[in-house]
Amino acid sequence: MMQFDWTTFILEILNFLVLVWILQRFLYRPVLAMLDARQQRIKDETEQAAQLRNEAEALRQQYEQRLTDWNQQQETSRRQLDEELAQLRNTATETLKQTLADEEAKLRVRNQTLIAAREAALIREAAGAAYGQAAAMLQRLASPQLTQRVVEVFLQDLLNMPDSEQAALRKAAAMLIAASAVEVLSAHPLSEADQARVSAALSGAAGQTLQLRFKEDPALIAGLRAIVGECQLHANLADELAFFRRQANHG
């Protein structure tokens, strides 16, 4: 039978306690500290990873928002560009229409001007031809008797001369140089009696005695022309034809 040894038992207990103290002092505490440090590192890394994940999520959301904003800006810019292009197209169309209308109006005016010029040229040509024909016919009809009849009309017109024309005649007569003669042209020779009548009528209308010098000018066709200084009195077919020709050219 085995005998129990208290001394050995107490020594074993003491050895065990010393071992526990040594383990706690030199092994357990460093291991706990190491575990605590590892746990803290894991916690820090986890928090950092969470922070990085949050930052990444924020960046993603920011990117998506910017992408959305950019798409909206692109769509807005595209609409504005379409509107500007449409406006430019409408403006260009209206400008082109206005230009074409202006050109059409200018062409119409030009054509009307050309037509009017052509018509005027034809009228002048016709008037010239008619003037030539009338002059030729009157040349054939011209005679001393016709000149005599025109002289009678001339004398009658002097008696019925308007005040304004009579004032112009008297002013022209007053400005004549002393002893200067008044020239009277006739298409045919005037008799001495007709010359005396014309002289008396002109002197009476001029308000003073005039010295007349009578000449012949067949170009007058029929009738006479009296030249009193700057004043001319017409009573002949050539001047009448020229008057109507000028009226036709200015019409």
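The values are calculated or read from the model by the stated rules, or taken from the named source; none is laboratory data. Because the structure is predicted, anything quoted here is derived from the model rather than measured. All Cβ positions, even for glycine, are placed from backbone atoms using ideal geometry, and neighbour counts span all protein chains on display. Only protein heavy atoms, including side chains, enter the accessible area calculation; ligands, DNA and RNA are left aside. Shrake-Rupley method; radii C 1.70, N 1.55, O 1.52, S 1.80 Å.
Return the total of residues in the stretch 87-140 being of a type outside the set (A, V, I, L, M, F, W, C) and at pLDDT 80 or above. Walk me through how you get there before you give the answer.
Filtering the stretch 87-140 for residues of a type outside the set (A, V, I, L, M, F, W, C) gives 87, 89-91, 93-95, 97-99, 102-104, 106, 108, 110-113, 118-119, 124-125, 128, 131-133, 139-140.
From what is left, the residues that are at pLDDT 80 or above are 87, 89-91, 93-95, 97-99, 102-104, 106, 108, 110, 112.
Final tally of qualifying residues: 17.
Take the residues in the stretch 171-218 that are of a type in the set (A, V, I, L, M) and under 18 Å from residue 146 (Cβ atoms); name whichever of them is most open to solvent (accessible area, probe 1.4 Å).
Residue satisfying both the conditions and the ranking: 193.
On the basis of being loosely packed, with under 10 Cβ neighbours inside 10 Å and either under 60 Å from the mean Cα position of the chain (by Cα) or among the hydrophobic types (A, V, I, L, M, F, W, C) (or both), does residue 21 make the cut?
The answer is no for residue 21.
Working only within the stretch 31-54, note down all residues that are of a type outside the set (Lys, Arg) and either open to solvent by 90 Å² or more (accessible area, probe 1.4 Å) or not in a helix (DSSP H, G or I) (or both).
34, 36, 39, 40, 45, 47, 48, 51, 52, 54
For the stretch 228-241, name all the residues that are within 20 Å of residue 149 (Cα to Cα) and open to solvent by 20 Å² or more (accessible area, probe 1.4 Å).
Passing the criteria: 232, 233, 234, 237, 239, 240, 241.
I'm trying to understand the selection: among the residues of the stretch 158-170, which are surrounded by 14 or more Cβ atoms within 10 Å (Cβ to Cβ) and in contact (Cβ under 8 Å) with a residue 12 or more places away in the chain?
Listed by number, the residues that qualify are 158, 161, 166, 168, 169, 170.
Mind telling me which of the residues 67, 85, 27 ends up being open to solvent by 90 Å² or more (accessible area, probe 1.4 Å) and not β-branched (Val, Ile, Thr)?
Criteria check complete, one pass: 27.
Inspect the stretch 181-192 for any residue being more than 30 Å from residue 119 (Cα to Cα) and either within 54 Å of the chain's Cα centre (by Cα) or of a type in the set (Asp, Glu) (or both) and give the result as yes or no.
yes
Looking at residue 224 and the list (1) modelled with pLDDT of 90 or more; (2) open to solvent by 30 Å² or more (accessible area, probe 1.4 Å), which single condition is not satisfied?
Evaluating residue 224 over (1) modelled with pLDDT of 90 or more; (2) open to solvent by 30 Å² or more (accessible area, probe 1.4 Å) leaves (2) as the failure.
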